[in-house]
Amino acid sequence: MKVAKFGGTSLASAEQIKKICAIITEDPQRRLVVVSAPGKRSTDDTKVTDLLIEAARARLTGQDGGAEIECVINRYRDIAQALNLPEDSLAPIREDFLHRLHLDTRDEGLYLDTMKAGGEDNSARLVASYLRSTGIEAHYIDPGEGGMILSDEPGNARVLKQSYGKLRALRERPGITVFPGFFGYSEHGQVVTFPRGGSDITGAILAAAIDAEQYENFTDVDSVFVANPTLVKRPVAVEKITYREMRELSYAGFSVLHDEALEPVFHAGIPVVVKNTNNPSAPGTQIVPTRPIGTFPVVGIAATDGFCSVYISKYLMNREVGFGRRLLQIFEDEGISFEHTPSGIDNMSVIVRESTFNKAAEERVLRRVRTELAVDEVTIERDLALVMVVGEGMNHTIGLAGRACTAFADAGVNLEMINQGSSEVSMMFGIKASDIPNSVLALYNQFFGSSTQHE
């Protein structure tokens, strides 16, 4: 039995839904299907999830949100009509969206999650309806009924252990089960969502729960590439990549797979394959526990922005027992998770996401660091990006760090930070966000040969 997950571009139109249904029915092992909300039909289009957020924001700011929700309903109507589904198949979808829109807004986080979840939920209803219209036994299932129980953290939920036992029963369901991605229910029965892109996480959880033969993640590219194709023309495709490598690259900006999606399949040892809905015969990229190193010790280069650095300096910091713990305790008290902590003998930097570190949080943290730790200096540097060079073969190869630094120097990029874990599966470099394009291209040319940048 396989779990097949389809991303937003695969649900964007009736034509795309016909493609995914052909893929589903081609292999009788594809009995558990996870769907996203409809994505963009063209580059200037708007994703359904973003439309739902607009509708929710309208309600939360005292407007009725009616115009925004009608845009969403019309998207589903256009798809349903093009699939030649009966008019009454749209009625429950319309009712569902209007019901969500007019729910209690006092808890903004829960309200927003309930609205966002509507995209995936109604995609699943639509796909199941279309499969049945072609004579296939297919069933929509609500994640609560299926057993997707999540932590009570709106917009950032994590699966609870008891989910796996409940979800395993999905193996016994007849026909094809269409499962909405991205959301589940708290133990209190409230709709909660994973972070954006969380349908990947749903698929991985289900694959682990049912002990799937394979987790297939269908997207809009033939494979994973060693660098972002929007930054590098015709980058090398990746045939096989390990869980660890993919985790590192996803964290640093690879959009093919959500960085949290690999944990369930990693622990269960389930192979993952990334494939293209528009070219399903292409071999895709396999994500596996181990791979032959081959001639390329580096498997990928990724970059992502949205970080800032809190720099702390104090003479004889290294002699002060518990300094690091007390520093990080301040961030914990403020509800801010740290990403990295590079350090010297008398200084330490804490790298955090800018989205979690607004001006109010910044003022509180800096005030506490100055008063409670009596530091000599504390400063904030914003608009940082992280660039990662990733590969299982790096720890067996001499001179990679030097080659990477040479690439940055040749591109005229100043390094704000260098960090490498003891596993040596990746090297991380902090740069200014504006230097991402030049940095990625320079690193690609250094490790994979000459290419050019997109205009």
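The values are calculated or read from the model by the stated rules, or taken from the named source; none is laboratory data. Model, not experiment: these values are computed from the prediction. Neighbour counts are summed over all protein chains in view; Cβ atoms, including those assigned to glycine, are modelled from backbone coordinates with ideal geometry.
Details
- Count of segment 175-205 residues which are over 30 Å from GLY135 (Cβ atoms) and part of a loop (DSSP other than H, G, I, E, B): 10
- Test for GLY335: is it in a strand (DSSP E or B) and modelled with pLDDT of 90 or more: no
- In this entry, THR61 is excluded by the filter for residues that are surrounded by fewer than 17 Cβ atoms within 10 Å (Cβ to Cβ), more than 24 Å from THR105 (Cα to Cα) and of a type in the set (Ser, Thr, Tyr).
- When each of ALA208, ALA227 is tested for being surrounded by 19 or more Cβ atoms within 10 Å (Cβ to Cβ), in a loop (DSSP other than H, G, I, E, B) and in contact with a Pro (Cβ under 6 Å, 6 or more places away or on another chain), the lone residue that passes is ALA227.
- Qualifying residue in segment 416-434 (condition: more than 15 Å from GLY306 (Cβ to Cβ), assigned by TED's automatic domain parsing to the domain that holds GLU339, in contact with a Phe, Trp or Tyr (Cβ under 7 Å, 6 or more places away or on another chain) and among the β-branched types (Val, Ile, Thr)): yes
- Test: residue in segment 104-124 that is under 28 Å from the mean Cα position of the chain (by Cα), under 27 Å from LYS166 (Cβ atoms) and surrounded by fewer than 20 Cβ atoms within 10 Å (Cβ to Cβ): yes
- Residues being closer than 30 Å to LYS314 by Cα and in a helix (DSSP H, G or I) - total across segment 358-401: 16
- Within segment 228-245, residues that are on the phi > 0 side of the Ramachandran plot have Cβ atoms under 7 Å from residues that are hydroxyl-bearing (Ser, Thr, Tyr) in these pairs: ARG234/SER451, counting only partners at least 6 apart in sequence or on another chain.
- ILE330 being surrounded by fewer than 22 Cβ atoms within 10 Å (Cβ to Cβ) and either of a type in the set (Asp, Glu) or in contact with a Lys or Arg (Cβ under 7 Å, 6 or more places away or on another chain) (or both): yes
- The residues of segment 406-424 that are surrounded by 12 or more Cβ atoms within 10 Å (Cβ to Cβ), outside any strand (DSSP E or B) and in contact with a strand residue (DSSP E or B) (Cβ under 8 Å, 6 or more places away or on another chain), listed by number, are PHE408, VAL413, LEU415, GLU416.
- Matching residues, segment 40-50, being buried (at least 22 other Cβ atoms within 10 Å of the Cβ) and either of a type outside the set (Val, Ile, Thr) or in contact with a Pro (Cβ under 8 Å, 6 or more places away or on another chain) (or both): VAL48
- With respect to (1) on the phi < 0 side of the Ramachandran plot; (2) touching a helix residue (DSSP H, G or I) at 6+ places or on another chain (Cβ under 8 Å); (3) at pLDDT 95 or above, the lone exception for THR219 is condition (3).
- Test: residue in segment 106-115 that is assigned to a loop (DSSP other than H, G, I, E, B), polar (S, T, N, Q) and modelled with pLDDT of 95 or more: no
- Test: residue in segment 338-358 that is within 20 Å of LEU328 (Cα to Cα), of a type in the set (Phe, Trp, Tyr) and surrounded by fewer than 18 Cβ atoms within 10 Å (Cβ to Cβ): yes
- Residue within segment 247-256 that is part of a helix (DSSP H, G or I) and in contact with a Gly (Cβ under 9 Å, 6 or more places away or on another chain) present: yes
- Lone unmet requirement of (1) part of a strand (DSSP E or B); (2) closer than 19 Å to VAL48 by Cβ for GLU216: (2)
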